[in-house]
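J.: One structure is given below, represented as structure tokens, and several questions about it will come after.
FYI, it's all coordinate maths here, none of it is from the lab. Just so we're clear, the structure is a prediction, and the values are computed from it rather than from any experiment. Cβ: placed from backbone, ideal geometry, glycine included. Neighbour counts: every protein chain shown.
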Amino acid sequence: MHPAKLQTAGEIRTFVELRKRAREIGPRRVGVVLADDEVALAAMADALKMGIAFPVLIGDEKSTRARAESLGLHELIAEAEFVSVHEGAAAHAVKMAREGSIDILMKGHLRTDQLLRPVLDKEHGLRNGGLLSDVAFFETSYTGEAKLVGLTDCGLNVAPTLEQKKQIVLNAIEMLHCLGNHRPKIAVMSAIEVVTEAVPSTVDAQALTQMGLAGEFGDAEVFGPLALDNALLHSAAKTKGIHSGVAGNADCLVVPSVEAGNLLGKALSVLAGLEFGHVVVGAKVPILIPSRVEDAQTKVNTIAMGVLYAGCSGANGRS
């Protein structure tokens, strides 16, 4: 399956531009599963004010209203739709998404695996036949101008196989197409840029590069293995003698494992203070899994990404 070529009104390069585009597309209906959750409610209140999302709060209505009241979210209480479900909230939300009454799923007061279990149900879930993966973006200006750089998979696939990495790359390309980057440069990451059996991720990177050359990724340029410096910096790529359009120009970093992605993502956000947002793609609707430690800006960026993906041609019900 080649990723669909998705059309937008120009490439989105900053989170300010992303939120603006989401306002133009939105508001989209976001179903918050077990909405009695401070993180999710605060995020939805901000997204409602910005006009990018309409909250559908699924779970125990009494406790959800009480929690929102305790946070002072009076506009959210007045505007939101409450769907009272006492058991099986995740399965009920998945059913709503499948029937089209909500456009996006968002995690509330439950673990990610509890949300994804009904999503992945073969008979009643939201599977598209491929792999789900978390695609994150951070905003940086290391090139001298602002740019959104992808990072995947940081949250779902622990130790992906070569075939799973192929699906992760396809999902990332689809999201980059949503951002208006119609031929993204995908860097397949490792600790080194030399292929060796001693570092299995370099062998996988070489295989993914060959798949790209064979046209298996459609409108994208895929190359690896690359280390972090020579994926992002022209000077590092030149010093190492790496001849690829991706080296020094990467639009997305595909990490070899969830540990690598998690550590790199948190280093960029916590230590470097870069702005983030992320969305799970690969299902029939976007899925949002915000962390309790994410700041308000990241949560709104994440909802905006979900809205953008939901609004892209082919994002829902694609084959």
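J.: One residue is enough: does region 3-20 have a residue meeting the conditions crowded, with 22+ Cβ neighbours inside 10 Å and either over 30 Å from residue 145 (Cα atoms) or among the basic types (Lys, Arg) (or both)?
T.: Yes, there is a match, as at least one residue in region 3-20 is crowded, with 22+ Cβ neighbours inside 10 Å and either over 30 Å from residue 145 (Cα atoms) or among the basic types (Lys, Arg) (or both).
J.: Moving on to the next point. Do the conditions hold for residue 221, that is, is it surrounded by 16 or more Cβ atoms within 10 Å (Cβ to Cβ) and not polar (S, T, N, Q)?
T.: yes
Here's the yes/no breakdown for (1) without any contact (Cβ under 8 Å) to a residue 40 or more places away in the chain; (2) in contact with an Asp or Glu (Cβ under 7 Å, 6 or more places away or on another chain); (3) under 22 Å from residue 297 (Cα atoms); (4) crowded, with 16+ Cβ neighbours inside 10 Å:
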{"position": "50", "(1), (2), (3), (4)": "no, no, yes, yes"}
{"position": "59", "(1), (2), (3), (4)": "no, yes, no, yes"}
{"position": "71", "(1), (2), (3), (4)": "yes, yes, yes, no"}
{"position": "78", "(1), (2), (3), (4)": "yes, no, no, no"}
{"position": "86", "(1), (2), (3), (4)": "yes, yes, no, no"}
{"position": "94", "(1), (2), (3), (4)": "yes, no, no, yes"}
{"position": "105", "(1), (2), (3), (4)": "no, no, yes, yes"}
{"position": "129", "(1), (2), (3), (4)": "no, no, no, no"}
{"position": "134", "(1), (2), (3), (4)": "no, yes, yes, yes"}
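J.: Say we look at region 129-154 and pick out the residues that are assigned to a loop (DSSP other than H, G, I, E, B) and over 16 Å from the mean Cα position of the chain (by Cα); which of these is nearest to residue 180 (Cα to Cα)?
T.: 146
J.: Quick one: which helices (runs of 4 or more DSSP H) sit completely within region 160-273 and have at least 2 residues that are touching a helix residue (DSSP H, G or I) at 6+ places or on another chain (Cβ under 7 Å)? Let's see the steps before the verdict.
T.: Numbers: elements: 162-178, 200-213, 228-232, 234-240, 258-266.
Where helices (runs of 4 or more DSSP H) fall fully within region 160-273 and carry at least 2 residues being touching a helix residue (DSSP H, G or I) at 6+ places or on another chain (Cβ under 7 Å), they are 162-178, 200-213, 228-232, 234-240.
J.: Of the residues 308, 253, which is within 16 Å of the chain's Cα centre (by Cα), within 30 Å of residue 38 (Cα to Cα) and among the hydrophobic types (A, V, I, L, M, F, W, C)?
T.: Of the residues listed, the single one that is within 16 Å of the chain's Cα centre (by Cα), within 30 Å of residue 38 (Cα to Cα) and among the hydrophobic types (A, V, I, L, M, F, W, C) is 308.
J.: Inside region 155-168, can you point out the residues that are touching a residue at least 60 places away in the same chain (Cβ under 8 Å) and either over 12 Å from the mean Cα position of the chain (by Cα) or surrounded by fewer than 23 Cβ atoms within 10 Å (Cβ to Cβ) (or both)? Spell out how you get there, then give the answer.
T.: Initial filter on region 155-168 (touching a residue at least 60 places away in the same chain (Cβ under 8 Å)): 155-160, 165, 167-168.
If the condition is that a residue be touching a residue at least 60 places away in the same chain (Cβ under 8 Å) and either over 12 Å from the mean Cα position of the chain (by Cα) or surrounded by fewer than 23 Cβ atoms within 10 Å (Cβ to Cβ) (or both), then 155, 156, 157, 158, 159, 160, 165, 167 are the ones that fit.
J.: Tally up the residues in region 7-50 that are in contact with a helix residue (DSSP H, G or I) (Cβ under 8 Å, 6 or more places away or on another chain) and among the basic types (Lys, Arg), please.
T.: 5
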